[in-house]
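Reading through the structure tokens given below for one structure.
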Amino acid sequence: MPRHSLAVLIAGLLILTPLANPAQNKAALQIGDPFPQLTGQTLTNKSLDLPAGAAGKPAVVVFSFTRTAGKDARVWNEHLSKDFSSVVPDYDVIVLESVPKLFRGMAVSGIRSSMPLPLQDRTIVLYNDEALWKARLAGSDYNRAYVVLLAPDGHIRWISTGAFTADSYTQFKNEVVKLSS
């Protein structure tokens, strides 16, 4: 193969490689961006669309990608239900794509049994798009939950930057107060 043909081939591969993985083409979500549509089945087998399901009021979406992240999500949910259950509905998105298909049923059963029924109605289980949502959330530590606060118009108002802490929860509460005023 002539030298210039090899260079053209390599250049073409470098240009096309990002197109092969659509998750790489999705920019990380930023404050002020509209929340992308997310549709899935809840733990109670109902269809749920976000942000449409929360239209007209603020909402919180808590993502978890691992069992450890689920524990962090539980801490967030306990605080949210205690302080904001009547003001800001919270939705969980549990991404199980990387769980082997053989074990998914057991995983869902365990999650369902440890969660109150009202939260099951607001918990979406995703078996696909894991790479896409990881790219959108610009995550680096998937053993923690990612929390997104949505304004009533479906735009992102706040995104967590680490595991649950008193400081992060105070920042979250400040944003909810701003939305309410």
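The values are calculated or read from the model by the stated rules, or taken from the named source; none is laboratory data. Note that the coordinates shown come from a computational prediction; the quantities given were computed from them, not determined experimentally. Note: ideal-geometry Cβ built from the backbone for every residue, glycine included; neighbour counts use all protein chains shown. Just the protein is used for accessible areas: all its heavy atoms, side chains included, with ligands, DNA and RNA removed. Shrake-Rupley method; radii C 1.70, N 1.55, O 1.52, S 1.80 Å.
Compared with the direct C-alpha span, the chain from D33 to D83 gains 15.4 nm at full extension, assuming 0.36 nm per residue. Distances between placed amide hydrogens fall under 5 Å for I124 paired with D92, V93, I94, all partners being 5 or more residues away or on another chain.
Which order do peptides 151-163, 66-78 fall in by mean Cβ count within 10 Å, highest first?
With the highest mean Cβ count within 10 Å placed first, the list reads 66-78, 151-163.
Fully extending the segment from E97 to R67, taken as 0.36 nm per residue of separation minus the present Cα-Cα distance, adds 9.5 nm. For A138, nonlocal amide neighbours, meaning residues 5 or more places apart or on other chains whose placed amide H falls under 5 Å from its own, are L29.
Taking only protein heavy atoms and a 1.4 Å probe, the accessible area of the chain is 58% carbon and sulfur.
Counted over all Cα-Cα pairs of the chain, pairs farther apart than 30 Å make up 23 percent.
Here the gap between E130 and Q41, fully extended at 0.36 nm per residue and compared with their Cα-Cα distance, gives a gain of 30.5 nm. Each of L43, Y169, L150 was scored by the projection of its Cα onto the charge dipole of the chain, and the greatest displacement toward the positive side belongs to L43; charges sit on the C-beta of Lys, Arg, Asp and Glu. If you plug the beta carbon distance of H155 and A107 into 1/(1 + (r/R0)^6) with R0 = 35 Å, you get a FRET efficiency near 0.60.
Based on C-alpha pairs under 8 angstrom that are at least 6 apart in sequence, the chain has a relative contact order of 32 percent.
Applying D = kT/(6 pi eta Rh) to segment 134-181, where Rh is the Kirkwood radius over alpha-carbon pairs, T corresponds to 20 °C and eta to 1.002 mPa s, the Stokes-Einstein value obtained is 185 µm²/s. Database remark: amide H of V60 closer than 5 angstrom to the amide H of D90, Y91, L150 (H placed geometrically; neighbours at sequence offset of 5 or more, or on other chains; Pro and chain starts carry no H).
Per residue, the chain exposes 55 Å² of solvent-accessible protein surface, assessed with a 1.4 angstrom probe and all protein chains in place. With the simple spin-label model, which puts each label point 7 Å out from Cα in the Cβ direction, the D49 to V177 separation comes to 3.6 nm. In the chain, the calculated helix contribution to ellipticity at 222 nm averages -13500 deg cm²/dmol per residue, counting -39,500 (n - 2.57) for every DSSP H run with n ≥ 4.
Please go through the residue pairs K71/K101; K71/K178; K71/K134 and name each one whose alpha carbons sit more than 26 Å apart in this structure.
Violating the 26 Å Cα-Cα cut-off are K71/K178.
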